[in-house]
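The values are calculated or read from the model by the stated rules, or taken from the named source; none is laboratory data. Since the structure is predicted, the reported quantities are computational estimates derived from the model, not experimental observations. Note that we place each Cβ from the backbone using ideal geometry, even for glycine, and neighbour counts take in every protein chain shown.
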Amino acid sequence: MAALVLEYYLLLRSVVRAKPQLRKCRARCRHCRIFFLTHPCNGGRHDLGCPFGCQEAHRKQESTRRSADYYRAPIGRKKKSALNNKRRCCPAREEEPPNTATDIVPEPQVSTNGWNAPIVEHVRMVVSLIEDRWVSREEILSMLAKKMRQHSLGRHGKIDYMLRRLNANPP
């Protein structure tokens, strides 16, 4: 994981060096503290979560907190009591054993090509910022499909090459 984060930071640093105007779009996740690029209208904010999972986790935590607060309030207690009484009054239905072919657990938001939708949207926004033009979702999906088809010729990745080079010639 550390190698992936290092490679990510190297790429982020090179993008910010090549496009200094993106420096104001760089933000730090308030949960995991990783740097990421955000939309220019969110530049300078310190309350953002990264699109790599922290946004969704925070959204779930806040939903649970709001729900718990609501059901602790008098109106929520009254509603919950009514729901429980309604459940007690109705006879229990005999449930069929679950059919594994039809009972599929919902996955996170997935786009048509099997990519995680929030990540695809983040990549689309970042590529649009870097290229200074609007990039469509279809372009991103085709780019990702093309990139994932290509296989590395060597056994070592770019990050291993960079680490070997840095270790051989320290700054």
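A few notes on this one:
- Subset of the range 34-64 [part of a loop (DSSP other than H, G, I, E, B) and surrounded by fewer than 13 Cβ atoms within 10 Å (Cβ to Cβ)]: Gly44, Arg45, His46, Asp47
- Selection within the range 122-138 - over 16 Å from Cys25 (Cα atoms) and either surrounded by 14 or more Cβ atoms within 10 Å (Cβ to Cβ) or among the hydroxyl-bearing types (Ser, Thr, Tyr) (or both): Val135, Ser136, Arg137
- From the options Leu4, Leu10, residue that is aliphatic (A, V, I, L, M) and either loosely packed, with under 11 Cβ neighbours inside 10 Å or not in a helix (DSSP H, G or I) (or both): Leu4
- Residue list for the range 28-73, restricted to those being acidic (Asp, Glu) and modelled with pLDDT of 90 or more: Glu62, Asp69
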